[in-house]
1. On the basis of being open to solvent by less than 20 Å² (accessible area, probe 1.4 Å), more than 16 Å from the ligand (Cβ to nearest atom) and at pLDDT 95 or above, does residue 131 make the cut?
2. Among the numbered conditions (1) without any contact (Cβ under 8 Å) to a residue 60 or more places away in the chain; (2) surrounded by fewer than 22 Cβ atoms within 10 Å (Cβ to Cβ), tell me where residue 217 comes up short.
3. Among the candidates 122, 117, which residue alone is farther than 25 Å from residue 157 by Cβ and in contact with a helix residue (DSSP H, G or I) (Cβ under 7 Å, 6 or more places away or on another chain)?
4. Mind listing whichever residues of region 288-307 are away from the ligand (no atom under 12 Å from the Cβ) and either of a type in the set (Ser, Thr, Tyr) or on the phi > 0 side of the Ramachandran plot (or both)?
5. Have a look at 285, 238 and point out the one that is away from the ligand (no atom under 15 Å from the Cβ), touching an Asp or Glu at 6+ places or on another chain (Cβ under 6 Å) and on the phi < 0 side of the Ramachandran plot.
6. Of 158, 206, which residue is farther than 30 Å from residue 116 by Cα, hydrophobic (A, V, I, L, M, F, W, C) and touching a strand residue (DSSP E or B) at 6+ places or on another chain (Cβ under 7 Å)?
7. Report those strands (runs of 3 or more DSSP E) wholly inside region 241-309 carrying at least 3 residues which are modelled with pLDDT of 95 or more and under 17 Å from residue 215 (Cα atoms).
8. For region 174-214, which positions are in a helix (DSSP H, G or I) and either among the aromatic types (Phe, Trp, Tyr) or open to solvent by 10 Å² or more (accessible area, probe 1.4 Å) (or both)?
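The values are calculated or read from the model by the stated rules, or taken from the named source; none is laboratory data. Nothing here was measured: the structure is a model prediction, and the numbers come from that model. FYI the Cβ positions are ideal-geometry reconstructions off the backbone, even for glycines, and counts take in every protein chain you see. Just so you know, the surface numbers come from the protein's heavy atoms only, side chains and all, with ligands and any DNA or RNA stripped out. Shrake-Rupley method; radii C 1.70, N 1.55, O 1.52, S 1.80 Å.
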Amino acid sequence: MDLQGKCVLLGITGGIAAYKMAGVASALKKRGADVEVIMTRNATQFITPLTFETLTGHKCMVDTFDRDFKFEVTHIELAKKADVILVAPATANVIAKMAHGIADDMLTTTVLAAKCPKLVSPAMNTGMLENPITQDNIRTLEHYGFTIIPSESGVLACHDVGKGRLPADAVLLDYVEQALAPKDLAGLRVTVTAGPTQEAIDPVRCLTNHSTGKMGYAVAHAAALRGASVTLIHGPTALPPVRFAEDVPVTSAQEMYDAVTGHFEDTDILVMAAAVADYRPASVAADKVKKSDGEMSIPLVRTADILGTIGPRKTHQFLCGFSMETRDMVAHSAEKLSRKNLDMIVANNLKDPGAGFGVDTNLVTFLTPDGAVRQLPLMSKEAVAGAILDEILSRRGR
Ligand code: CTP
């Protein structure tokens, strides 16, 4: 998500994971955000303010009474300027202070004054985290509307193994993006399919295709950030699950058919980005097929066409299909749009540079039943996902 024009205030407290926040600050800057940083005095024992000043281009605030500043009353100005505050790593001490309205340094005064969404990522020793006092303080923060980012488990700095690790940068970034994204899909149920299917030949082999799932995952991710209730039904991929979305893994076209039809009644928008196999072996051998000297052929039968089956039956659902072609893209895609009774189809040509499987970009054309053909420029799959959702929202109305 492009964070241009958004101010993210990072509150860094005194835990060993403080050093990891340099990566988060840098990633936020790369996405266009204006990043301000406040550190507690203890945090400066682990990483220096200079690191963040270099990364963000702003003075890193530590001392409330620092007179070398740019704002009139710094903690109030920062509290007003921030679109979101992320306190990470959040120590037990700072969590306790925030939960009880104690404001005795630059960070806690700013947090108390701020009205924007506040995210807190607890990171500490397992014993400190599991202590009922800390747990009560975390619940208190939730009660006051803070979002708590769950700590992860693993080897901690004290060599204990357990809960209390700061999550990976990508997780923190997802929470920041979710806090900042417009919630124009709130209340809508969006089902997305992604990735390839695998059609078994025998216990060892299968028929599949080169889909990596990136396009569908990007749509599911963007929809979840924008407030939709998202179900991602996907074939085998190497991608990490989409945060804030229900994850439904399937293998074969038939399993995908069952999962999609099972969710269809409760779906407002279906985006079928999966590369579903059109054929499967007529029968699956119970044991590994042994080779012989001669040629071999495998009889194939058609799989059920998911969109082709549910398209004619749709009631309130908006159906968006995908169409990957290597020639006559617009004509073939228009035919699919009409045959499957879709509301929109996203077409791309596998032969266009930057489009198709595996890459992080796509060059797509939207076709709709009114005959409109809208070609978008080459964009990241993330940006294409946003454009697809914008188009769907403008066409289905709210
Ligand atoms: N699709 C589906 N069920 C299938 C196969 C595909 O719902 N069994 C969906 C895809 O997810 C995609 C759209 O249909 O959204 C693609 O249409 P399709 O006619 O299957 O495209 P191709 O298989 O690429 O077409 P063709 O083989 O005719 O070139």
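1. no
2. (2)
3. Testing whether each residue is farther than 25 Å from residue 157 by Cβ and in contact with a helix residue (DSSP H, G or I) (Cβ under 7 Å, 6 or more places away or on another chain) leaves just 117.
4. 292, 297
5. 285
6. Step by step, each of 158, 206 is checked, and only 206 is farther than 30 Å from residue 116 by Cα, hydrophobic (A, V, I, L, M, F, W, C) and touching a strand residue (DSSP E or B) at 6+ places or on another chain (Cβ under 7 Å).
7. Passing ranges, in order: 245-249, 269-272.
8. Those that are in a helix (DSSP H, G or I) and either among the aromatic types (Phe, Trp, Tyr) or open to solvent by 10 Å² or more (accessible area, probe 1.4 Å) (or both): 174, 175, 178, 179, 180, 214.
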